[in-house]
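Trainee: Sharing a structure below in structure tokens format, with a few things to ask.
The values are calculated or read from the model by the stated rules, or taken from the named source; none is laboratory data. What you see is a predicted model; the values in this text were computed from it and never measured. All Cβ positions, glycine included, derive from the backbone under ideal geometry; neighbour counts span all protein chains shown. Remember, those area values only see protein heavy atoms, side chains included, never the ligands or the DNA or RNA. Shrake-Rupley method; radii C 1.70, N 1.55, O 1.52, S 1.80 Å.
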Amino acid sequence: GAGVSQSPSNKVTEKGKDVELRCDPISGHTALYWYRQRLGQGLEFLIYFQGNSAPDKSGLPSDRFSAERTGESVSTLTIQRTQQEDSAVYLCASSLMGAPGYTFGSGTRLTVV
Amino acid sequence: DAKTTQPPSMDCAEGRAANLPCNHSTISGNEYVYWYRQIHSQGPQYIIHGLKNNETNEMASLIITEDRKSSTLILPHATLRDTAVYYCIVLDAGGTSYGKLTFGQGTILTVHP
């Protein structure tokens, strides 16, 4: 596609439920990143994919968070047993080797009530 | 990654040049300087990057001091749509965009009519 697409754009869930957030990167982009941005805060790195493998998952805050990527394309970020502190905008970005800069999606706004 | 220091906020009159400074005194020889901005409720947008030479594109100019310890992003004719948070980031990725971005607090630029 023309840009990085994330779905859903908004998600409200009850505390304790599991959620899945989806990212469709730009076609052909081999690198994919997930970031989190809490209200009024800066961006926090979560995980980086190169192809389908994740050489850097150092930013995942707990074992409730996991992510996978298949077909060197779509990625899903799963949060199990959601907590109120998980409320944030989750941003996905992709990049192509040799091209400057990442392209970010518009994010998924997650609200845990 | 080297850390950056930016003023928390700046104002600029519409039509005037906006000059956003960034200090990165511990930058190493293979680290690039990247600039992104984030307009309210959107994902970050890549602006420009450089290693040691000044760079210009359709969005902005980047001036890097000879010792590489600081840089300035210049928006030559600021418009109201340039109101955003501007992030200066150093990245050891050989300019290929691999590697995670570490976002600081950035500079909130407000462009006034």
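Trainee: Among the residues of region A:7-35, write down those that are open to solvent by 50 Å² or more (accessible area, probe 1.4 Å), modelled with pLDDT of 95 or more and of a type outside the set (D, E, K, R).
Mentor: Listed by number, the residues that qualify are A:SER9, A:ASN10, A:VAL12.
Trainee: Just the residues that are farther than 23 Å from B:GLY106 by Cβ and assigned to a loop (DSSP other than H, G, I, E, B), please, taken from region A:45-58.
Mentor: A:GLY51, A:ASN52, A:LYS57
Trainee: Just name the residue that is surrounded by the fewest Cβ atoms within 10 Å (Cβ to Cβ) out of those in region A:45-63 that are away from chain B (no Cβ under 11 Å) and of a type outside the set (A, V, I, L, M, F, W, C).
Mentor: Ranking the candidates gives A:ASP63 first.
Trainee: Can I ask one more? Go over the candidates B:TYR98, B:TYR34, B:TYR87 one by one and state the one that is at pLDDT below 95, in a strand (DSSP E or B) and within 12 Å of chain A (Cβ to nearest Cβ).
Mentor: So the residue among B:TYR98, B:TYR34, B:TYR87 that is at pLDDT below 95, in a strand (DSSP E or B) and within 12 Å of chain A (Cβ to nearest Cβ) is B:TYR34.
Trainee: Collect the residues in region A:4-17 that are within 15 Å of the chain's Cα centre (by Cα) and either in a loop (DSSP other than H, G, I, E, B) or charged (D, E, K, R) (or both), keeping them in residue-number order.
Mentor: A:VAL4, A:PRO8, A:SER9, A:LYS11
Trainee: Just the residues that are under 11 Å from the mean Cα position of the chain (by Cα), within 11 Å of another protein chain (Cβ to nearest Cβ) and open to solvent by less than 10 Å² (accessible area, probe 1.4 Å), please, taken from region B:37-64.
Mentor: B:ILE47, B:ILE48, B:GLY50
Trainee: Scanning region B:1-31 for residues that are over 10 Å from B:CYS88 (Cα atoms) and in a strand (DSSP E or B), which turns out nearest to the other protein chains (Cβ to nearest Cβ)?
Mentor: Checked region B:1-31; the qualifying residue nearest to the other protein chains (Cβ to nearest Cβ) is B:SER9.
Trainee: In region A:27-44, what residues are within 12 Å of another protein chain (Cβ to nearest Cβ), of a type outside the set (Ser, Thr, Tyr) and not in a strand (DSSP E or B)?
Mentor: Passing the criteria: A:HIS29, A:LEU39, A:GLY40, A:GLN41, A:GLY42.
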